[in-house]
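Report on the following structure.
The values are calculated or read from the model by the stated rules, or taken from the named source; none is laboratory data. This one's a predicted model, so the numbers in the text were calculated from it and none came from an experiment. Backbone-built Cβ (ideal geometry, glycine too); neighbour counts: all protein chains shown. Accessible surface areas use protein heavy atoms only, side chains included; no ligands, DNA or RNA. Shrake-Rupley method; radii C 1.70, N 1.55, O 1.52, S 1.80 Å.
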Amino acid sequence: MSSPFFIKAKVNPKFAKKGKPATVLKRKGDGDPGGKGKPRAKKLISKHNEEISSDSETESPIVARKRQTIEKDDYDETPQEKKLRLAKLYLNQLKEEEDDKAEDDAFETDLVAGRLQEEVLEQKGKLQRLIAKDIMAPDASEIRVLRGHKLPITCLVISSDDKYIFSAAKDCSIIKWDFESGKKLHTIHGGRKGTEDRHVGHTAHILCMAISSDGKYLATGDVNKLIMIWEAKTCKHLYKFTGHKGPVSGLSFRRGSHDLYSASHDRSIKVWNVDENAYVETLFGHQDAITGLDCLSRECCLVFHGHEGSIDCIQLINEEHMVSGADDGSVGLWSVNKKRPLSTVKQAHGRHGEAGLQQAHWVSSVAALQNSDTVASGSHNSEVKLWKCGQNYRKLEPLFSVPVCGFVNSLKFSSSGQFLVAGVGQEHRLGRWWRLKEAKNGIYIIPLKRKPTPSPEEVKIAE
């Protein structure tokens, strides 16, 4: 190699500017006094000394040249080598990113697959979320009570976002409540009998109500055969539907639509289109008064038999299963594919009366947490019972009871499953066969706490 190459490599303006001296050690016996390369060595020394700091020690040109060669070999690399090194680093980085992404994609794929599987099962009516085993009985002090109606509460609904509760009573009034604070947001007062022409609202006992799945419309039905449609947000009166020849005892919106189904003691079911303020059709076939109604999205027409007495309440669990309660004191679990109940619990709420004249407590209300294995029932034996549905809805097993004094005329689970709301009164919603003076008319909000999930460490210790 020629000397200019090494001189150029040694010159570094950065080091010169920073003022960092290159420290070298002077060796004895360096140099070649008799060699031919002596003049060139002098030249190198003179030029080399111009570039180093004044306070550095001198070093023989041969040692400096060797040191430069070693440093060049250790730290300098050709452009090709640098490109290869950077390419390897980039490939390793890409590989790590792809591995992380593959793990995330696999996790997201599992989530999406699980969600799609749930939706398919839900559409088929076979989805059953197993949550009953994790629900804990609440303390009596944790139950909130909302009071505002003067007479027994007959029905209630919860908005799909769990923000509002709507309740109605035998005093013909409707109250909109804030779920979280328990405050009254709006009250639609009932009118006296004979003021139907000038009063906007109900003038007779309200027996049923329903809210659309999008929370836009609220429907209420009364003993005077009338159906009122309200704007749920403002509680403004919109329409009045007439046509039934008996008290309207059941209302339900078809899931995901504004099609309204109404049931009556006249043994008929009518279909209405609320958006168009129009009557659609009448469904006949019942041989006695209809006392309850519920619907989701599918349509079918089947006849079921199972209870010994009158079926007073019914609630769909999913598209294929439902729970019912009757005045013979039994709670039934049904499948739409079978005409007989899959499971029946007789005397679900016990018996009352004197010896020899005892009869079962009527089941006045039922509720189901949709697409789960949890249902609830209410009577007038001062408690609300929660039940667990067995595998494939083949069995009903009691979970626990919640103390509630009075006739439990309505039960609803919140969409989140965190609360169970009960409408309670001194009388049964359909009549005045008994009166419990010690009961108070109100809405009971029952929290449904979950058992704490054990940490992985606790699981290992248990194992």
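What the table below lists for this structure:
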{"item": "Answer from Thr203, Thr154, Thr187 - the residue that is more than 26 Å from Cys405 (Cα to Cα) and of a type in the set (Ser, Thr, Tyr)", "result": "Thr203"}
{"item": "All positions within the stretch 372-386 that are open to solvent by less than 10 Å² (accessible area, probe 1.4 Å) and either among the hydroxyl-bearing types (Ser, Thr, Tyr) or in contact (Cβ under 8 Å) with a residue 60 or more places away in the chain (or both)", "result": "Ser372, Asp373, Thr374, Val375, Ser377, Ser379, Val384, Leu386"}
{"item": "Test: residue in the stretch 346-363 that is modelled with pLDDT under 90, open to solvent by 10 Å² or more (accessible area, probe 1.4 Å) and within 26 Å of the chain's Cα centre (by Cα)", "result": "no"}
{"item": "Scope the stretch 227-284; condition of a type in the set (Gly, Ala, Ser) and in contact with a strand residue (DSSP E or B) (Cβ under 8 Å, 6 or more places away or on another chain); matching residues", "result": "Ala232, Gly243, Gly246, Ser249, Gly250, Ser252, Ser262, Ala263, Ser264, Ser268, Ala278"}
{"item": "Filter pass, Lys176 being open to solvent by 30 Å² or more (accessible area, probe 1.4 Å) and either within 21 Å of Val424 (Cβ to Cβ) or of a type outside the set (S, T, N, Q) (or both)", "result": "no"}
{"item": "Some residue of the stretch 367-384 being part of a loop (DSSP other than H, G, I, E, B), at pLDDT below 90 and farther than 20 Å from Ile153 by Cα", "result": "yes"}
{"item": "Qualifying positions in the stretch 139-157 - crowded, with 20+ Cβ neighbours inside 10 Å and either of a type in the set (A, V, I, L, M) or more than 23 Å from Leu226 (Cβ to Cβ) (or both)", "result": "Leu146, Ile153, Leu156, Val157"}
{"item": "Within the stretch 346-360, considering residues that are in a loop (DSSP other than H, G, I, E, B), touching a residue at least 12 places away in the same chain (Cβ under 8 Å) and out of contact with any strand residue (DSSP E or B) (no Cβ under 6 Å at 6 or more places or on another chain), the one nearest to Gly425 (Cα to Cα)", "result": "His349"}
{"item": "Inter-residue pairs, beta-carbon under 6 Å, first in contact (Cβ under 8 Å) with a residue 40 or more places away in the chain and in the stretch 226-245, second open to solvent by less than 60 Å² (accessible area, probe 1.4 Å) and assigned to a loop (DSSP other than H, G, I, E, B), 6+ apart", "result": "Ile229/Val274; Ala232/Gly215"}
{"item": "Of all residues making up the stretch 410-448, the number that are in contact with a Leu (Cβ under 9 Å, 6 or more places away or on another chain) and either surrounded by 16 or more Cβ atoms within 10 Å (Cβ to Cβ) or among the β-branched types (Val, Ile, Thr) (or both)", "result": "23"}
{"item": "Meets criteria (of a type in the set (Ser, Thr, Tyr), more than 14 Å from Gln315 (Cβ to Cβ) and within 27 Å of the chain's Cα centre (by Cα)) for Ser416", "result": "yes"}
{"item": "Lys412, sole failed condition from (1) assigned to a strand (DSSP E or B); (2) free of Cβ contacts under 8 Å to residues at least 60 places away in the same chain; (3) of a type outside the set (S, T, N, Q)", "result": "(2)"}
{"item": "Given (1) in a loop (DSSP other than H, G, I, E, B); (2) in contact (Cβ under 8 Å) with a residue 40 or more places away in the chain, number of the condition His307 does not satisfy", "result": "(2)"}
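The rows are residues; the columns are (1) more than 29 Å from Gln391 (Cβ to Cβ); (2) modelled with pLDDT of 85 or more; (3) touching a His at 6+ places or on another chain (Cβ under 7 Å); (4) of a type in the set (Ser, Thr, Tyr).
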{"residue": "Gly292", "(1), (2), (3), (4)": "no, no, no, no"}
{"residue": "Arg298", "(1), (2), (3), (4)": "no, no, no, no"}
{"residue": "Phe304", "(1), (2), (3), (4)": "no, no, no, no"}
{"residue": "Ile314", "(1), (2), (3), (4)": "no, yes, no, no"}
{"residue": "Met322", "(1), (2), (3), (4)": "no, yes, no, no"}
{"residue": "Asp327", "(1), (2), (3), (4)": "yes, yes, no, no"}
